[in-house]
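J.: Quick one: the structure is below, and I'll ask about it shortly.
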There are 2 protein chains.
Amino acid sequence: MNQISEFAPRTTLHEELVGRLRDMIFSGELKGGDRVPEQKLCDMLGISRTPLREALKVLGNEGLLELLPNRGARVATLSEADIDEIFPVMGALEALSGELACARLTDAEFAEIRALHYQMALHHTRRELADYFRVNQHIHECILKAAANPTLEVQYNALAGRIRLARFRANMTDKRWDQAMREHEEMLAALEARDGKKLSEVLSRHLENKRETVKQAIREGTGEAHGPAVAYD
Amino acid sequence: MNQISEFAPRTTLHEELVGRLRDMIFSGELKGGDRVPEQKLCDMLGISRTPLREALKVLGNEGLLELLPNRGARVATLSEADIDEIFPVMGALEALSGELACARLTDAEFAEIRALHYQMALHHTRRELADYFRVNQHIHECILKAAANPTLEVQYNALAGRIRLARFRANMTDKRWDQAMREHEEMLAALEARDGKKLSEVLSRHLENKRETVKQAIREGTGEAHGPAVAYD
DNA sequence: TGCTATAAGATTGTATGCAAAAATCAACAA
DNA sequence: TTGTTGATTTTTGCATACAATCTTATAGCA
């Protein structure tokens, strides 16, 4: 029996490992730049190298790991240049998700997003940053879900995962936070009006500001050890 | 020595296999729906199952193969619903590539694209479909390259690869072909003017028409055996 | 001291073996 | 004929073994 899950779900080991390693990266257990020694991980997880290596190849293909032939895997790191490269693509995808979401959004889905929005607004007024991030991320997930396009979801999440490699606790200025909140007000309005063009425009702008926040976090945090990755907004 | 390449390039076997299998899928050597028997492929390629399986996992993650636990891999097939799901995402990415390309395009790059454009126009007037497709694809590659965003390139090509699973020889009507050619005229004009908004709009529209062509090809070609995948335009 | 060269050790890449699951097929009954 | 059961074969999933490559530590030399 492997030590990963007590009640083995209907999945293969390598597949489970992909998820497990992803979590280890996002949680900070494996930090950017760390080498990923196969044998050590195998001992730790109680498995053999074969399924682990299959998982490493997949994560390498996703851009979360850097695979150096004959020299093992490293957790990928993110430069400011990488951010500038990834964010425009995410922006295009998120804009699309806004358009599709507006076209398909049910009243029930909108109601849920609105509820989350006000919950988030409350966290904003109370200056509860962590809670704000959590709900914020949930809202974006809801919009993406509402777009009802699994391919879009996969592609977007792949990029969002790479961004999460920049695991520096977000430190939004009050000014930027207020701005983000205003943008979310616009989003809600656009969603209610089912105005896809408007929503995609707001989302693009929103992401543009987010990019600066992330870049600044990278600049300030370079070299330091940190906790789990957080959402930026 | 493995039988894949005479002069082993500086790469690992599994990586080479990813490319090799991709080619086999695109060339039609492995057709959509085919099972991919590990042992048989290993014998054929003169390798063992371990690196092959690593490659299969990667291609599964890319969506070119469908991995069924304990039941092996199948070459993925493409339904019309899949097309409708993938094309909007490609559209968003191609629109972005147009905007970025306009922002960065050098005069030399534009000159090359213009040359290709006129070459393609010649193939169009002569009704040389295959040549038209080839040059057409080259033009789109040039625009993508000009965008100078590797992440965008990777994501776009991943989707383009999945579309190529619909390996039916394109059968454009003359009407649609003429329309595509007019769209390319608009593209060239937008590129020359470095009008990113305009180019991204034309590219989106262009892709929308392409979607219909591909869907029609799927409808007409279902079940038949075909040659290598072709570009659609 | 600082550099190169070389050899030992560690790590990765690939092949093989074995157990478990699925697919196939044959016998049989309805 | 059709459908069901069970044994046999095939195929996959994982573990292990061996080979190739890289890393490092050390010795020799200028």
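Nothing in this text is a laboratory measurement; each read-out follows from the coordinates by a stated rule. The structure presented is a predicted model; accordingly, all values stated were derived computationally and were not measured. Every residue, glycine as well, gets a Cβ built from its backbone with ideal geometry; the counts of neighbours run over all protein chains shown.
J.: Size of the protein assembly as shown along its principal axes in angstrom, Cα-based, largest extent first?
T.: In descending order, the Cα extents are 69, 54, 44 Å.
J.: Gaussian network model of chain A, Cα springs within a sub-10 Å range: biggest mean-square fluctuation belongs to which of A:48, A:204, A:97?
T.: A:48
J.: Further question: Quick one: Debye curve from the C-alpha atoms of region B:34-156, no solvent, what's log10 I(q)/I(0) at q = 0.12, 0.17, 0.18 Å⁻¹?
T.: Evaluating at q = 0.12, 0.17, 0.18 Å⁻¹ gives log10 I(q)/I(0) of -0.71, -0.98, -1.00.
J.: Can you compute the modelled spin-label distance between residue A:77 and residue B:35, with each label point 7 Å from Cα toward Cβ, in nm?
T.: Reported label-point gap for residue A:77 and residue B:35 is 4.7 nm.
J.: List the chymotrypsin sites (Phe, Trp or Tyr not before Pro) within region A:133-220 that fall in a DSSP loop (any state other than H, G, I, E or B) and whose Cβ has at most 12 other Cβ atoms within 10 Å.
T.: Values: sites: A:133, A:156, A:168, A:177; in loops: A:168.
Here no loop site has a sparse enough neighbourhood.
J.: To make sure I understand the rule: partners must be aspartates and glutamates, Cα under 17 Å from the Cα of residue B:57, and not fewer than 8 residues away in the same chain. Which ones qualify?
T.: Residue B:57 reaches A:15, A:16, A:54, A:62, A:66, B:15, B:16, B:23, B:34, B:38, B:66.
J.: I would also like to ask the following. Could you pull out the pairs from A:145/A:198; A:145/B:198; A:198/B:198 whose alpha carbons sit more than 21 Å apart here? It would help to have the intermediate numbers written out before the result.
T.: Details: A:145/A:198 19 Å; A:145/B:198 30 Å; A:198/B:198 18 Å.
The answer is A:145/B:198.
J.: Could you work out the local net charge near residue A:193, counting Lys and Arg as +1, Asp and Glu as -1, over the other residues with Cβ closer than 14 Å to its Cβ?
T.: Summing Lys and Arg as +1 and Asp and Glu as -1 gives -3.
J.: Could you list the residues of region A:115-154 with an amide nitrogen less than 20 Å from a label point located 7 Å from the Cα of residue A:108 in the Cα-to-C-beta direction?
T.: Within reach of a label on residue A:108, which here means backbone N under 20 Å from a point 7 Å along Cα→Cβ, region A:115-154 contributes A:115-117, A:139-150.
J.: For region A:101-204, state which trypsin sites (Lys or Arg not before Pro) are in a DSSP loop and have at most 12 other beta carbons lying within 10 Å of their beta carbon. Present the calculation step by step, with values, prior to reporting the outcome.
T.: On the way: sites: A:104, A:114, A:126, A:127, A:134, A:145, A:162, A:164, A:167, A:169, A:175, A:176, A:182, A:194, A:197, A:198; in loops: A:126, A:127, A:164, A:167, A:169, A:194.
Sparse-neighbourhood loop trypsin sites (Lys or Arg not before Pro): A:126, A:127.
J.: I want to verify the translational diffusion coefficient of region A:13-75 in µm²/s; compute it with Stokes-Einstein, Rh as the Kirkwood radius over Cα pairs, at 37 °C and 0.692 mPa s. It would help to have the intermediate numbers written out before the result.
T.: On the way: Rh = 11.4 Å.
The calculation lands on 288 µm²/s.
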